[in-house]
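Structure first, then comments.
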Amino acid sequence: MATALRLFVTKGFSATSLKDIADELGITKAALYYHFPAKADLARSIFQPFIDDVDDLLDRLDGRGESPREILSAYIDVLLPHRAALAAMLRDPGAAADLDLTDVSGRWLARLGALLETDDATPEARMRTTVAIGGATRALMLPEVEDPSARDAAVRAAVAALESR
């Protein structure tokens, strides 16, 4: 799975074949097919833990009244271990659609938006929320985000996007 994920990140999901993965592993394609009958099955096994972790976070946060800083910090923290999977999704959006990951990310955006916005959010406030979430997500692609001070800077920037007038 690690080899497949690395190839998905570097080549893209669509451009990576099961043969590429098998060759990289030094096994036959038939041996890989034994464990994963289709490339989509392999991809789902890679992305499912990522999906489950974000869904679990959103379930834990749902309706508990956390501050935007706490919500965005928790969101970044849950995404950090899944940076490679996130990079693969962002690199090949067409594959994300094929694997139903587009619906997942849309669901996350809606749930995070509901946690970060007030009930009477204006269109401008919804735009700021989307920018805050998207910016925090994209910040994870920067190598320096692993440094706690850079991670905190990403959270501060996302919170600032929410609060700007």
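The values are calculated or read from the model by the stated rules, or taken from the named source; none is laboratory data. Because the structure is predicted, anything quoted here is derived from the model rather than measured. Methodologically, a virtual Cβ is constructed for each residue, glycine included, from the backbone with ideal geometry; neighbour enumeration extends over all protein chains shown. Surface areas here come from the heavy atoms of the whole protein model, side chains and all, with no ligands, DNA or RNA. Shrake-Rupley method; radii C 1.70, N 1.55, O 1.52, S 1.80 Å.
Among the residues of region 106-157, those that are touching a helix residue (DSSP H, G or I) at 6+ places or on another chain (Cβ under 9 Å), β-branched (Val, Ile, Thr) and open to solvent by 60 Å² or more (accessible area, probe 1.4 Å) comprise 118, 130, 131.
Could you grab the pairs with beta carbons closer than 8 Å, sequence gap of 6+ or different chains, first residue in region 110-133 and assigned to a loop (DSSP other than H, G, I, E, B), second one charged (D, E, K, R) and surrounded by fewer than 17 Cβ atoms within 10 Å (Cβ to Cβ)? Filtered contacts from region 110-133: 117/126. Looking at residue 11, is it closer than 29 Å to residue 151 by Cα and open to solvent by 70 Å² or more (accessible area, probe 1.4 Å)? When the stated conditions are applied, residue 11 passes them.
Sub-7 Å Cβ pairs linking a first residue in region 141-154 that is within 11 Å of residue 76 (Cα to Cα) to a second residue that is assigned to a helix (DSSP H, G or I) and of a type in the set (D, E, K, R), at least 6 apart or interchain, are 145/151, ordered by first then second residue. Looking across region 32-91 at every residue that is among the charged types (D, E, K, R) and closer than 16 Å to residue 107 by Cβ, the one that is least open to solvent (accessible area, probe 1.4 Å) is identified as 55.
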